[in-house]
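Presented below is the structure to which this report refers.
The values are calculated or read from the model by the stated rules, or taken from the named source; none is laboratory data. Keep in mind it's a predicted model, so treat the numbers as computed, not measured. Neighbour counts run over all protein chains shown; Cβ positions are idealised from the backbone, glycine included. Calculation scope for accessible area: heavy atoms of the full protein, side chains included, ligands and nucleic acids excluded. Shrake-Rupley method; radii C 1.70, N 1.55, O 1.52, S 1.80 Å.
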Amino acid sequence: CCASCKGLAICCEPRLASRSVSRRRVPMGLVPTFLSQPLAAIARDSEGQLIGGVSGRSIYRQLLIEVVWVAKEHRGSGLGSRLMALCEQEAIKRGCLAAQLDTLSFQAPAFYAKQGFEVVGSVSGIPGSPDRYFMCKRFNG
């Protein structure tokens with residue numbers, strides 16, 4: 001379904017969601033499969049080209065966001081915010097109470113703060129390394 005989707009959509013193909021642009025792997029043998037499900041929201045243009053996405057998983061009543069990406073020419077258009085909101089809505093449907101992610105100082109901490117995320121931890125002061133922020137957003141409800 002995802003290849004033919006236009007606009008914004010929750011990725012309904014777990015194979016595609018889990019391999020999208022994921023950079024971390026959960027040792028799934030340790031987690032019952034009913035507790036952990038891939039979750040991705042993608043955006044395609046009118047020609048079907050991928051222009052943005054959010055990829056992660058719902059696990060232990062939390063949304064773990066692994067990757068957020070928007071094509072350079074679409075940044076600042078609100079697309080990233082809409083993708084994040086779509087993932088949040090799906091996570092809430094799955095019973096999630098919060099979302100968490102990490103980001104580097106040169107990436108998008110201000111963007112995530114605008115989405116309601118708060119810094120809950122950081123690693124800084126390592127020569128030659130950007131600061132790393134761990135962020136969390138608790139869902140109302």
Tell me which of these residue 48 doesn't satisfy, since it passes every other one: (1) assigned to a loop (DSSP other than H, G, I, E, B); (2) open to solvent by 40 Å² or more (accessible area, probe 1.4 Å).
(2)
Consider segment 122-140. How many of its residues are in a strand (DSSP E or B) and either open to solvent by less than 80 Å² (accessible area, probe 1.4 Å) or in contact with a Ser or Thr (Cβ under 7 Å, 6 or more places away or on another chain) (or both)?
8
Filtered residues of segment 102-121 (kept if open to solvent by less than 50 Å² (accessible area, probe 1.4 Å), over 16 Å from residue 70 (Cβ atoms) and either out of contact with any helix residue (DSSP H, G or I) (no Cβ under 9 Å at 6 or more places or on another chain) or not aromatic (Phe, Trp, Tyr) (or both))
102, 104, 116, 121
Of residues in segment 87-99 being open to solvent by 70 Å² or more (accessible area, probe 1.4 Å) and not basic (Lys, Arg), the one farthest from residue 38 (Cα to Cα)
97
Here is a list of conditions, (1) at pLDDT 90 or above; (2) assigned to a strand (DSSP E or B); (3) surrounded by fewer than 18 Cβ atoms within 10 Å (Cβ to Cβ), and residue 8 meets all of them except one; can you say which number that is?
(1)
For residue 69, only one of the following conditions fails: (1) open to solvent by less than 70 Å² (accessible area, probe 1.4 Å); (2) within 10 Å of the chain's Cα centre (by Cα). What is its number?
(1)
